[in-house]
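Read the structure below first, then the notes.
The values are calculated or read from the model by the stated rules, or taken from the named source; none is laboratory data. Everything numeric in this text was worked out from a predicted model, so none of it was measured. Note that we place each Cβ from the backbone using ideal geometry, even for glycine, and neighbour counts take in every protein chain shown. Remember, those area values only see protein heavy atoms, side chains included, never the ligands or the DNA or RNA. Shrake-Rupley method; radii C 1.70, N 1.55, O 1.52, S 1.80 Å.
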Amino acid sequence: MSACDPYRQFVAALADGEAELVPAATLDHVEHCADCSREVQAHRLLTSRLREASEHLDGAAPRRPRVWVRTRRSAAIAAAAAALLAVAAVAAVWSGLSRPDPVQAAVAASSQPLQIQSTDPSQVGEWCFRASGRGLPAIQLDGMRVIGARMDRVPSTDIVTVVYSAPAGERVSVSWLEGQAPVGSGVETRSASVHPVLIVHSALGTAVITGSSSAVMWKAAAAIESTATWAQLLASRPQQLVDQLL
Ligand SMILES: [Zn+2]
């Protein structure tokens with residue numbers, strides 16, 4: 001863990017000018033840390049370029065091609081998801097369950113009461129940091145509202161569970177496994193007792209997702225994957241990204 005890790009979850013809020021959501025210690029760190037400042041700058045540029053691009057599309061592009069592009073893209077995503085499922089099904093057959101299973105433990109944790117209830121992402125993030133001693137890989141997920149969190153321990157694995165509510169009111173839990181997480185790649189589906197679960201193996205870490213519908217679970221998985229992609233890009237070559245955007 002680098003000294004900057006606990007502060008990285010607030011980069012998006014800082015870049016979006018929401019400094020009131022950011023703890024004072026983070027503001028102080030970012031002000032004096034060249035790496036973090038660069039990351040905020042890169043994020044800000046990225047956001048403004050994305051906004052410009054989408055405004056341009058909304059204003060100028062004819063409607064029909066956009067629908068066509070979207071449909072093609074959805075089909076490609078569905079095909080990729082189907083391929084992942086086939087691979088995951090084979091992997092599941094081969095994986096034994098000799099050790100206490102952190103995935104089962106995460107599913108059990110997700111049905112337990114919240115230990116902190118708050119819709120303030122920075123407050124929940126700080127609570128998780130204090131409870132687990134680690135910065136959470138991602139707290140804000142696109143289109144989801146944080147409602148609280150809890151922390152559980154099983155032998156060799158810490159489980160930090162963050163619970164969200166989606167716009168239609170569905171509930172979804174994301175449990176980050178710290179320690180001996182199951183190996184794998186991409187998104188894996190598994191039936192843990194009666195609950196279907198998704199296991200996301202991302203660059204940010206491994207998360208177990210449970211929820212009130214499979215649609216909302218896949219939505220959370222997609223949000224984690226896209227957050228991981230941007231985080232990786234920003235962490236690996238922030239200066240090149242800034243140069244490219246400028
Ligand atoms: Zn830093």
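Across the range 99-232, C-alpha contacts under 8 Å between residues 6 or more apart give a mean separation that, scaled by the residue count, equals a relative contact order of 21 percent. Once Rg and the Kirkwood radius are both taken over the C-alpha atoms of the range 99-232, their ratio Rg/Rh works out to 0.91.
Only protein atoms count toward the accessible area here, which uses a 1.4 Å probe; on the range 99-232, the carbon and sulfur part of that area reaches 51 percent. Averaged per residue, the range 117-192 has 43 square angstrom of accessible surface, using a 1.4 angstrom probe with ligands and nucleic acids left out. Between Ala168 and Ser226, the simple label model (points 7 Å from Cα in the Cβ direction) yields a spacing of 1.8 nm. Compared with the alpha-carbon gap, the fully stretched path from Asp28 to Met151 is longer by 41.5 nm at 0.36 nm per residue.
Based on the Stokes-Einstein relation at 25 °C and a viscosity of 0.890 mPa s, and on the Kirkwood radius from alpha carbon pairs, the range 115-157 is assigned a translational diffusion coefficient of 223 µm²/s. For Asp16, the accessible surface of its heavy atoms amounts to roughly 80 Å² (probe 1.4 Å, protein chains only, rounded to the nearest 10).
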